[in-house]
Amino acid sequence: MTVKDAAKPSNKRKQSTDNDASEAPAIAVTNLEMWSDEENGEDVASDDGEVDEFPEIDTRSDSEAEVLEASEEEEYSEEEEVDDEDQDEDEDESSDADSLHVFPKAKTIISNITGQPKRVYPEIEPEYDSDSSTEDAPNRVGNVPMHWYDDLPHIGYDIDGKKVYRPAKADELDKFLSTVEDPSSWISAFDKNAQTDKPLTTEELDIIRRLYAGENPDASYDPYAPTIEWFTGKGKEEVMPLSAAPEPKRRWVPSKWEKQKVMKIVRAIRQGRIIGSKPKSTSKFSFYSIWSEPSSANPPPLPAPKPRLPTNSESYNPPEEYLPTEKERKEWEAQDSEDRERDYLPQKYSALRLVPAYDNFIKERFNRQLDLYLAPRVQRVKLNIDPSTLIPKLPSPSSLRPFPNYKSLKFTHTKGRARCVSVSPDGGWVISGDESGKVSLWEVNVGREVKSWNFDSKIGALDWCPRLDVSYFVVTVEEKIHFVIPPNLPGPVLSLTQALLAPATLPPAPATPSPVKWVTPATSTWSTDTPILTAHLPGSSGLPTQVAWHRRGDYVATVSTGRSQGGVWIHQVTRRHSQAPFKKIKGAVQLVLFHPLKPHFFVATQQYVRVYNLSEQKLLKTLIPGIKWISSMDVHPSGDHLIVGGYDRKLCWFDLELSDKPYKIMRYHTRAIRSLHFHPSYPLFASSSDDGAIQIFHSRVYNDLMTDPLIVPLKILRGHEIRDGLGVLQVKWCSRQPWLVSGGADGTVAVWCS
């Protein structure tokens, strides 16, 4: 078939092509249209609305093609005679085929290798107005590992054996801009074979999402599929590799063959045929001269500093302009040595023999030696600090009101010292006791005495019950604890108080008998002049000097001066039972306190404060205030802070959550501290001393654990006289007002108001 004939379209060729297409399987491409840039999807006159068939490639040899050409020429001449009437239509089709011919025209040449004719197609030169002129040629290097070409400029070879060069890569900025402009960049991936970014399919994106989520990449995988029983059923039983056979004897009996080998080696060692490696001889410690030659690994040492050269002012006969005046000499002598500009004063001598010995010679030579040895030294500089800056900046007391600042009224005990006072829970009544055995009940507002009781011995302590539904107080005398009901009580409160202290049916006796005896007088003898209940302590217990109530008002603790049982008793009023919590305790107990919120119990000896857990019956911690003799103690209403006072004038503030050492130690009193008390509702606490003064402090505690408590001294109250070396013996706050009640050794009880 010649080149001229190759361009002729023939109906026979079309017919044979149709037959071949029906016989041989081919790829069916349907519903595809390709438009040029000028067409834009509109109809073009050259198309005539028809789509030409894609010509089939002739795969036969050259000899078969020549025979076929001759037969086709004869058939073509016959068809021309038969189809004269369709000649016009065929010419139109041939013109369309020439204009839309896909393949270039081939030419036949003689092969240099085989000597046979072969058809050669020219290289395709793409036209710039074609549809695919702007598309990148895909990579056709084949299915080869791309890492072979990592160090080469090309990435393979095409079908003609030419190098396919690696496409240019954009920099990071261009990559970022391309991701911003292309919304589909996040769903594409780089293909090494094609050297381009290819968009990922929906299935690939779903696999990536599953891998990121830690799921199975297979979407059809069912993690909850029913279990397949592989080893159940007849013939499927699993044969276990373990057996119940006894362990063979050879596993623990030594092998005689190994014994022979070992003995053979031992004989060779004894005969000297096998010599072991000699231990390395420990050489003596070798010394190296580190100053003989510079080290190659480390930088050379710094050279020694050179001494400063003398100047004209250091001459024995300096010029007149270097000599200081008398005023300059006095100023130089008044300055400190570290503040002076020069370490010397120029002096003038007429001759060198008249110059005296230098007084700082030894000191300067010694410093020079230290410089040569590079000895580190600290030059201590005198600090010029204003003493006023060392005083802590505290808020003004006027901004921390209210607090008591003057004496409102005074109540006097004529027969002895007013050793103890107590304020009722409602803040309206005060009881005070003196050493003659008299207890007085009077009003806070007017100071009028309502009732008094006389006991047969000195009053040790007294305190109101903290409950609000009942009203009574406790008075301690020698080896006795009296429970007294005040007069003028409302009917419901009086009946409830009597039912509590003297019930019609006594509670059952405890399993463990107590040496403390509880006695209630007959109902016919009840009166406001006598106690309704009395607890008799064991003999030789002494005078109870302190009474501490639990916040619920059912338990009361007393501390006696006697030595039996450590002097500490805890009494339960409702059960009429007393018990000594300590069988043995180190030191003499001075004070006890109940924790306001937790089942903890504070016990103060002469120098330590121990915290016990009553529910678990164990020691929690031991506080070390550093006081020689503890005299007073009180706990903050929040339960997290504790103040301890001593006879050595110290007042220690403890943060129970922080440490067992004091958070702050204050010394405001000039003599021994006698009493301490926190206000139950206001941020105040007071301390009294034998110097006759009462110190009022503002004590604000914050809920934030990172903020320290604010402790500000507010006022010093003076109004009590000092008698026999004793001052103010006890202070108590009113629960609902910022008022303070104090009892002194001069026999007076004062009320301080704001």
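The table below gives the values:
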| quantity | calculated |
| --- | --- |
| Candidate residues His147, His677, His669: accessible-area rank, largest first, probe 1.4 Å | His147, His677, His669 |
| Fully extended contour minus Cα-Cα distance, from Ala168 to Ser681, at 0.36 nm per residue | 176.5 nm |
| Heavy-atom accessible area ranking, 1.4 Å probe, most first, across Leu394, Leu717 | Leu394, Leu717 |
| Prolate/oblate/rounded call for the range 396-507, Cα gyration tensor, a/c under 1.5 rounded | oblate |
| Kirkwood hydrodynamic radius (C-alpha pairs) into Stokes-Einstein, the range 341-458, 10 °C and 1.306 mPa s, D in µm²/s | 68 µm²/s |
| Cα pair distances exceeding 20 angstrom across the range 577-695, given as percent | 41 percent |
| Percentage of interatomic Cα-Cα distances in the range 149-200 larger than 17 Å | 49 percent |
| Inter-label distance for Thr561 and Ser398, nm, one decimal - labels placed 7 Å from Cα along Cα-to-Cβ | 4.8 nm |
| Surface accessible to a 1.4 Å probe, Lys249 within the full protein complex, Å² | 140 Å² |
| 5 angstrom amide H check on Ser631, placed H, neighbours 5+ away | Gly645, Gly646, Tyr647 |
| Over the range 652-726: Rg over Rh, Cα atoms, Kirkwood Rh | 1.02 |
| Loop-resident sites, the range 600-631, for trypsin sites (Lys or Arg not before Pro), counting at most 15 other Cβ within 10 Å (DSSP) | Lys628 |
| Karplus (6.51, -1.76, 1.60) ³J(HN,Hα), θ = phi - 60°, over the range 623-632, in Hz, Gly and Pro reported as x | 8, 10, x, x, 9, 5, 8, 7, 10, 8 |
| Listed residue pairs exceeding 22 Å between alpha carbons, taken from Lys306/Lys348; Lys438/Lys480; Lys458/Lys732; Lys330/Lys363 | Lys306/Lys348; Lys330/Lys363 |
| In Å², nearest 10: area of Tyr358 left accessible to a 1.4 Å probe | 110 Å² |
| Candidate residues Ser699, Ser243: accessible-area rank, largest first, probe 1.4 Å | Ser243, Ser699 |
| Whole-Hz ³J(HN,Hα) from phi, Karplus 6.51 cos²θ - 1.76 cosθ + 1.60, for the range 680-692, glycine and proline x | x, 10, 8, x, 9, 8, 10, 9, 10, 9, 6, 7, x |
| Cα gyration tensor shape for the range 401-753, rounded if a/c is under 1.5, else prolate or oblate | oblate |
| Ordering of 153-166, 401-414, 458-471 by burial proxy (mean other Cβ atoms within 10 Å per residue, highest first) | 458-471, 401-414, 153-166 |
| For Val559, distant residues with modelled amide H under 5 Å away | Thr545, Gln546 |
| Virtual spin-label span in nm between Ser184 and Thr201, 7 Å along Cα→Cβ | 1.5 nm |
| Shape category assigned to the range 553-621 from the gyration tensor of Cα positions, a/c cut at 1.5 | oblate |
| Exposure of Val644 as accessible area (Å², to 10), given a probe of 1.4 Å and all protein chains | 0 Å² |
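The values are calculated or read from the model by the stated rules, or taken from the named source; none is laboratory data. In this text the structure is predicted, and so the values were computed from the model without any measurement. Note: ideal-geometry Cβ built from the backbone for every residue, glycine included; neighbour counts use all protein chains shown. Ligands, DNA and RNA are excluded from the accessible area calculation, which covers all protein heavy atoms including side chains. Shrake-Rupley method; radii C 1.70, N 1.55, O 1.52, S 1.80 Å.
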